Amino acid sequence: MNPPLVATPRSGTRYTTMAILLHWFLAAAIVAGFVIGLQMSDEPVSPTRVRWITYHKWIGITILALSMLRLLWRLGHRPPTLPDSMQAWQRNASRWAHRSLYLFFFIVPLAGWAYSSADGFHVVYLGLIRLPDLAPKDKALADLLIEVHATLAWTLAVLVGVHVAAALKHHFIDRDSLLRRMWLPAFAPDGATAGKPAETHRPRA
């Protein structure tokens, strides 16, 4: 009998190469989008501001695409199991934090896309692909959506900050494998070599 097509937790201590690449490309896009968002909000009305807004939209759509790819990849390739040293509340916190991050990866750019539509501006990805409007042109709705987009973006920034702080805490204080498993071998921090003895791990919920 053929085994069921259900992803099972990886017994190794590292993510797949594809998962690692998607993670870091997505991280770079989120940082770039946030920085550009701050930059354009302080920029006076000018061609430069329009250019920043355009880049911000392109990055938002890129984040959506990368998030979809990452979610699809994760459905078929479960992450490595967590270290056995992690307590139950830590495993639960990790699970809910990742769920929250995935949610915000989608709703932040979608809210921005809907705002652009309501404000009367089409999203043309890379200047080549005109995407459908997500909302009718409506000034009151646009005013609401820009506030929603900004609030969600700041919330995502806080979640990312907590995620980074937790990863650093596990690496420098707990000294477990959580950070090392998300690095490509060529750029892995100290101790992330194939010859390092593996820790005892527990399946991730």
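Summary of computed values
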quantity	calculated
Test for residue 118: is it without any contact (Cβ under 8 Å) to a residue 24 or more places away in the chain and over 23 Å from the mean Cα position of the chain (by Cα)	no
Of all residues making up the stretch 99-120, the number that are in a helix (DSSP H, G or I), farther than 16 Å from residue 152 by Cα and of a type outside the set (Gly, Ala, Ser)	0
So residue 70, is it among the basic types (Lys, Arg) and not in a loop (DSSP other than H, G, I, E, B)	yes
Condition check for residue 50: assigned to a loop (DSSP other than H, G, I, E, B), without any contact (Cβ under 8 Å) to a residue 40 or more places away in the chain and exposed (fewer than 14 other Cβ atoms within 10 Å of the Cβ)	no
Condition met for residue 160 (in contact with a helix residue (DSSP H, G or I) (Cβ under 9 Å, 6 or more places away or on another chain), modelled with pLDDT of 95 or more, over 17 Å from residue 62 (Cα atoms) and among the aliphatic types (A, V, I, L, M))	yes
Failed criterion for residue 26 (all others in (1) farther than 18 Å from residue 181 by Cα; (2) modelled with pLDDT of 90 or more hold)	(1)
Hits in the stretch 158-169 - residues which are buried (at least 16 other Cβ atoms within 10 Å of the Cβ) and either without any contact (Cβ under 8 Å) to a residue 60 or more places away in the chain or under 22 Å from residue 40 (Cα atoms) (or both)	160
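This table checks each residue for (1) of a type outside the set (S, T, N, Q); (2) buried (at least 16 other Cβ atoms within 10 Å of the Cβ); (3) closer than 20 Å to residue 71 by Cβ.
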site: 101; (1), (2), (3): yes, yes, yes
site: 104; (1), (2), (3): yes, yes, yes
site: 112; (1), (2), (3): yes, yes, yes
site: 117; (1), (2), (3): no, yes, no
site: 124; (1), (2), (3): yes, no, no
site: 128; (1), (2), (3): yes, no, no
site: 138; (1), (2), (3): yes, no, no
site: 142; (1), (2), (3): yes, yes, no
site: 150; (1), (2), (3): yes, yes, no
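The values are calculated or read from the model by the stated rules, or taken from the named source; none is laboratory data. Predicted model, so just to flag it, every value in this text is computed and none were measured. Reconstructed Cβ throughout: ideal geometry from the backbone, glycine too, with neighbour counts over all protein chains shown.
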